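Here, each number is a calculation from the coordinates, and none is a lab measurement. Keep in mind it's a predicted model, so treat the numbers as computed, not measured. Heads up, the Cβs are rebuilt from the backbone with ideal geometry, glycines too, and the neighbour counts pull from every protein chain shown.
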Amino acid sequence: MKPLVQRHARVAPTKSMVWRKPALVAAIIIAVVLVYLPALRGDFVWDDFLLITGNPLLQNFSGLVEIWSGGRTADYFPVTNTVFWTEHHLFVGNATGYHAVNVLLQAANALLVWRLLVRLNIPGAWLAGLIFGIHPVHVASVAWISELKNLLSMFFALLSILYFLELDEKQLRNSATAYAASLVFFALALLSKTQVVFLPVVLLLCAWWREEKSPGRRTTQNLRRDIVRSWPFFLIGIVFGLVTMWFQNRGIGEEEIVIGSLSRRLVNAAMAIWWYAGHLFAPVRLMAIYPNWRFDSPSVLEWLPLIGLIAILAGLWHWRNRGTRGALFAVACFVVALLPALGFVRMAYVRSGTLVADHHQYFADVSLLALFSAGVAYVWNQRQPTKIATAAIVTLLVGAMGTDAFSRAEIYRNEERLWQDNLSKNPDAWQAHIQIAQRRFKQERYAEAAYHAGRAAELKPELADIHNQLGLAYCRLERFDEGIAEYRKALQLKEAKPSAARSAGVAKIRTNLANALTITANHLSESASTVPEEAMRRYEEAIREYEEALALEPQQPAIHRNLGMLLVKLGRYDEAIPHLRATLQIVPNEPVAREMLDAIEANRR
């Protein structure tokens, strides 16, 4: 029996037909743009503030040099960051321009998916491209500006595969050009995001698929040829994979990120594969941060997803000559494309407590969408009544997905919608709580800020920055003793890690603690004619904290000013003068420091 895809390959247009159908091209582009209209009106969210609006590397040409040298970047994605650098200078903080680039790249990727599946002679290719373009689970990769790395990496990866598939169709000279282009596009994909490190395996699977669907071409020589062609891709992929791991470990530092034992990682990987497949075919309750996963020893029942996955792959391989070859190809590509994001090694994204995220499955979805669309093409090829029913069902399905994706893009329009949506579906998402706490603090809604920061501290007690945020909220509510306690917890957590103990973040916490100690000491001394012993103790502790903060951040004018003010209050003018002068050296027109310094000098005349 011929495989489903091969039996109905006649419904797939030839590659020359693809671009002769401008209406179909336009339909995909229009569908993608319509679905992502809310994103075009969206703002910056989440990591956008770190990677784009607050990224010092995007400001000037020296930053561009550092982007490629990898000096301060969390990951080595220089192509993506170069595009961000260019966008920063083109759009000048206007989020619409960034979103427009993402949407256009998504439309281009959908068209390339269509073209790739045509090249592989898979029926239903246009439908697969359309669904890929408007699928709700891909909203996280398009409506979130930071995920430009997904879009760019996919764009270059698809071009790499397309050129690789041309090798047997070109003359010797043109074949060399196609091979070089495939390698270059693979390198660009890796420089955009290294999750595409799996691509060499996909290239071999594509080569196997082409050989298997053309029995006359199956030879050991062809197999050896494809392996030889692919080894430079493997070499480049290994190098970039190691580079990514180095950058990740540098960024993580001494932070403890639990990924579990090998058995737990295998079990979690299998469950994640099933989870991603489920969300592809039933995209419900999508959110930015999903519930935490377990990282303890797996139970017996938790091995069932892995056993089931192995059984399916084994069965598809065993019956590959009886109609399952297409399914085997699709499932194998799906699993391989997910491997880098399954938590086998320590990566920063696992710190959230979950292994899964919508944008992690962006690359893998193409294969299962191709399998689904081939199945639709098979049903379409049956009798006329079946065609009518199939067309109606597919139209409803595509319409429902487009509507859902549109609604999902609305959620990504701003942080308020994104995090409120997340908490409505996952109330224990500590990242969502801390994000809302920071927003409420800026809005001067301090009680709400304290609530959300408190929930985050309950859920993630080992994270110092959460305790610092909670301390800030408590102090604005004049709950100073609670605020001081939170600052001290934050310092204890930071100082437990030598690399973090000397960071700028510690200076901020020490400054916040010193400010709170000064205020409480002022309250204690206001009701007495002399400074009480407890107030003096707090003043002295505040001075020590300011001095420790200055040792870490000597060019911070606010710390110099606050320390100078405190020393003046205590009558220690000789100690205060250097700090007031340092403030004015950094900020010449700082009014408080100028007034105090002038007063001291006037009293000494």
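Counting only C-alpha contacts under 8 Å and six or more residues apart, can you give the relative contact order of the stretch 12-416 as a whole percent?
Details: 536 pairs, mean separation 97.6, N = 405.
Averaging sequence separation for qualifying contacts and normalising by length gives 24 percent for the stretch 12-416.
Listed here are the pairs Lys489/Lys569; Lys193/Lys460; Lys460/Lys494; Lys442/Lys508; Lys425/Lys460; which of them are more than 20 Å apart at the Cα?
Working: Lys489/Lys569 28 Å; Lys193/Lys460 29 Å; Lys460/Lys494 14 Å; Lys442/Lys508 17 Å; Lys425/Lys460 18 Å.
Over 20 Å apart, Cα to Cα: Lys489/Lys569; Lys193/Lys460.
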Discussion item. Projecting each Cα onto the charge dipole of the stretch 504-561 (Lys/Arg +1, Asp/Glu -1 at the beta carbon, about the Cα centre), which of Ala542, His523, Gln556 comes out farthest on the positive side?
Written reply: Gln556
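Calculate the dipole size of the chain relative to its Cα centre from +1 charges on Lys and Arg beta carbons and -1 charges on Asp and Glu beta carbons; express the result in debye to the nearest 20. Before the final figure, lay out each step's value.
Values: 62 positive and 51 negative charges, 691 e Å.
Its charge dipole is roughly 3320 debye.
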Fill in: Which labelled figure in (1) 28.2; (2) 25.9; (3) 32.5 is mean projected area of the Cα convex hull in nm², once derived from the coordinates
(3)
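Hey, got the dipole for the stretch 276-369? About the Cα centre, +1 on K and R Cβ, -1 on D and E Cβ, debye to the nearest 20? Mind showing how you got there, number by number?
On the way: 7 positive and 4 negative charges, 38 e Å.
That gives the stretch 276-369 a dipole magnitude of about 180 debye.
Where Lys and Arg each count +1 and Asp and Glu each count -1, what net charge lies around His135 among other residues with Cβ under 11 Å from its Cβ? Write out the running numbers ahead of the final one.
Numbers: positive: Arg408; negative: Asp358, Asp365, Asp404.
Its environment carries a net charge of -2.
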Worksheet item: What order do you get for Ile434, Ile257 when you list them from fewest to most C-beta neighbours inside 10 Å?
Response: Ile257, Ile434
Practice prompt. Taking the Cα centre of the stretch 90-192 as origin, sum charge times position over the Cβ atoms of Lys and Arg (+1) and Asp and Glu (-1), and report the length of that vector in debye to the nearest 20.
Written response: 80 debye
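Give the residue list of trypsin sites (Lys or Arg not before Pro) in the stretch 267-334 that are DSSP loop and have at most 16 other beta-carbon atoms within 10 angstrom. Spell out each step's value before the answer.
Numbers: sites: Arg285, Arg294, Arg320, Arg322, Arg325; in loops: Arg285, Arg294.
Filter output for the stretch 267-334: Arg285, Arg294.
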Fill in: Within-10-Å neighbourhood charge of Tyr446 [Cβ basis; K, R +1; D, E -1]
+1
Practice prompt. Using the charge dipole of the stretch 12-416 (Lys, Arg: +1 at Cβ; Asp, Glu: -1 at Cβ; taken about the Cα centre), state which of Gln248, Val92, Ala374 has its Cα farthest towards the positive end.
Written response: Ala374
Discussion item. Is the C-alpha gyration tensor of the stretch 106-206 telling us rounded, prolate or oblate? Criteria: a/c under 1.5 is rounded; beyond that, a/b larger than b/c is prolate, otherwise oblate.
Written reply: oblate
Fill in: Whole-Å distance, taken between Cα centres, linking the stretch 272-325 and the stretch 404-448
30 Å
Discussion item. With n ≥ 4 as the cut-off for DSSP H runs, can you work out [θ] at 222 nm for the chain, using -39500 (n - 2.57) per run divided by the number of residues, rounded to the nearest 500?
Written reply: -22500 deg cm²/dmol
Practice prompt. Please report how far the C-alpha centroid of the stretch 130-207 lies from that of the stretch 327-350, rounded to the nearest whole angstrom.
Written response: 16 Å
Practice prompt. Would you be so kind as to identify which of Leu167, Ala485, Ala450 lies farthest towards the positive end of the dipole of the chain, taking Lys and Arg as +1 and Asp and Glu as -1 on Cβ and the Cα centre as origin?
Written response: Leu167
Discussion item. Considering only C-alpha atoms, what is the centroid distance from the stretch 90-120 to the stretch 18-71, in Å?
Written reply: 8 Å
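What does the net charge come to around Arg265 if you take all other residues with beta carbon closer than 15 Å to its beta carbon, with K and R at +1 and D and E at -1? Walk me through the intermediate numbers first.
Numbers: positive: Arg264, Arg294, Arg346; negative: Asp296, Glu302.
Surrounding charge for Arg265 is +1.
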Item to complete: Sort the following peptides by mean Cβ neighbour count (other Cβ atoms within 10 Å, averaged over residues), highest first: 391-403, 558-570, 373-385.
Response: 558-570, 373-385, 391-403
Worksheet item: Across the Cα atoms of the stretch 318-426, what radius of gyration and what greatest pairwise Cα-Cα distance (Dmax) are found, in Å?
Response: 18.7, 54
Worksheet item: To the nearest 10 degrees, how steep is helix 325-338 against the longest Cα principal axis of the chain, on a 0 to 90 scale?
Response: 10 degrees
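According to the square roots a ≥ b ≥ c of the eigenvalues of the Cα gyration tensor, what is the shape class of the stretch 419-603, taking rounded for a/c under 1.5, prolate for a/b larger than b/c otherwise, and oblate for the remainder?
Values: a/c = 2.11, a/b = 1.87, b/c = 1.13.
Since a/c reaches 1.5 and a/b is larger than b/c, the shape of the stretch 419-603 is classed as prolate.
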